[in-house]
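The values are calculated or read from the model by the stated rules, or taken from the named source; none is laboratory data. What you see is a predicted model; the values in this text were computed from it and never measured. Here Cβ is always computed from backbone atoms with ideal geometry, including for glycine, and neighbour counts include all displayed protein chains.
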Amino acid sequence: MDRDFAVQLAGRRLTTAEVLYYMPAHPTLLQSFLWQTLDLPPEFPKVHKFLIFWRREIDAVIHSVTCSAAGLVAPAKLEVARDVGLLH
């Protein structure tokens, strides 16, 4: 069995963390950093570990962090079209 698939079955979800940050020399310029990993919501232990590393090793100051998680393992969704039309 694929390792990532097994991790998803154990409850991990594809997690996207957006970190808004600024450099101390330019506090009015917000920048964005996106990072994705398989993590366990709502605690997000991998994201927390990453943020601890960021605060310890990176000079940029974190303004805010937004996390979102989506399940990858789900039943297929099928929708039937109710309207048919022509596009010229």
Where the second residue is of a type in the set (Phe, Trp, Tyr) and surrounded by 10 or more Cβ atoms within 10 Å (Cβ to Cβ) and the first is free of Cβ contacts under 8 Å to residues at least 40 places away in the same chain and closer than 13 Å to LEU20 by Cα and lies in the stretch 51-62, which pairs have Cβ atoms under 9 Å and are six or more apart or on separate chains? TRP54/TYR21; TRP54/PHE33; ALA60/TYR21; ALA60/TYR22; ALA60/PHE33; ALA60/TRP54
Can you work out which of the residues in the stretch 15-34 that are assigned to a strand (DSSP E or B) and free of Cβ contacts under 8 Å to residues at least 12 places away in the same chain is farthest from CYS67 (Cα to Cα)? HIS26
Only one of ARG56, ARG13 is surrounded by 11 or more Cβ atoms within 10 Å (Cβ to Cβ) and of a type in the set (Lys, Arg). Can you tell me which? ARG13
Go through the residues of the stretch 60-68 one by one and say whether even a single one is touching a strand residue (DSSP E or B) at 6+ places or on another chain (Cβ under 9 Å), assigned to a loop (DSSP other than H, G, I, E, B) and at pLDDT 95 or above. yes
Selection from the stretch 25-40 of residues among the polar types (S, T, N, Q) and surrounded by 12 or more Cβ atoms within 10 Å (Cβ to Cβ) yields GLN31, THR37
